[in-house]
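Student: Sharing a structure below in C-alpha cells format, with a few things to ask.
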Amino acid sequence: MKKWECTVCGYIHEGETPPDECPVCGVGPEFFKEVVEKEEKTLTQAVLEPDSVAAEKQSKPSFFRKMVMKHHLHPIAVHTPNGVLPLALIFLAIATMFGLASFEQAAFYSLVFVLINMPFVIVTGIIVWQDRYKGAKTKVFGLKIGGAIIVVATLLALLIWRLVEPGVAASPGRWTYLLICLVCVAGAGISGHFGGKLVFGSRKH
C-alpha cells in the first residue's frame, strides 16, 4: 500500500491515493507527496531536486527567524497566555464573588503580563506558520489566528475597562467583566487546542 506525506504538517496517509483533506492541518491532496522507500529511489530521484526546493535552500532566513525555529520559541511563548489566563480568571472569579480586592489586583496584573507577551506570541506564531506550514490557509490555521485575535481584543477590553473603572469587580457590571475574561480564556484554549493538533496530530501512535 502506498504512503503519502503531507508536506505541510507531516501527516502520513496510507492508501492508493492521497486523502481529499489532511485530517490534521486541512490542506488538500495537492499538498501530499508519495513516500518513496530509500531502496526504491532511482538515481535521478536521489540527485535532482525541484526548483522550489533549490530556491528554498538558497533563501537565507534572518537571525531571528532561525532562532524562532531552532529553539521552538513559539511553543515556549504560548505557555504564558495558556497558563496565566486561566489563573487570572480564577482570581477574578474569587474577587467577584467574595469582594476580595487583592485577588482582583492579581488578576489585573496577570492580564497586563499576558498582553505584554502577546506580540511575541503572534510574531513567532506567524514565523512558524510561514516556515514550517508554508503559510497554508486552512480552517485549522484560521481558527488559531481567530483565537489569537479574540485573546488580544478581550484583553484590551478588560484592561481599558479596568483603567476607566478601577472598582469594576465590585460594580454592577462585574459579571459581564468576568464573562469577557472567560471568552479571553476560551480564545487561548482554541488556539492551544489546534496548535496541539498540528504538533501531535501528525505523529504515529
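The values are calculated or read from the model by the stated rules, or taken from the named source; none is laboratory data. Please read all numbers here as calculations on a predicted model, not as lab measurements. When we count neighbours, we look across all protein chains shown, and the Cβ atoms used for this are built from the backbone with ideal geometry, even at glycine.
Student: With the requirement that a residue be of a type in the set (F, W, Y) and either exposed (fewer than 13 other Cβ atoms within 10 Å of the Cβ) or farther than 16 Å from V185 by Cβ (or both), what does the stretch 60-102 give you?
Tutor: F63, F64, F98
Student: Hey, can you tell me all the residues within the stretch 169-190 that are buried (at least 20 other Cβ atoms within 10 Å of the Cβ) and modelled with pLDDT under 95?
Tutor: A169
Student: Looking only at the stretch 1-34, how many residues end up being hydrophobic (A, V, I, L, M, F, W, C), part of a loop (DSSP other than H, G, I, E, B) and in contact with a His (Cβ under 6 Å, 6 or more places away or on another chain)?
Tutor: 0
Student: Of (1) of a type in the set (K, R); (2) within 23 Å of V123 (Cα to Cα); (3) modelled with pLDDT under 55, R65 satisfies all except one. Which?
Tutor: The single condition R65 does not satisfy is (3).
Student: While we're here: Just checking: which of the helices (runs of 4 or more DSSP H) contained wholly in the stretch 56-147 hold 3 or more residues that are in contact (Cβ under 8 Å) with a residue 60 or more places away in the chain and under 23 Å from A169 (Cβ atoms)?
Tutor: Output list reads 79-98, 101-131.
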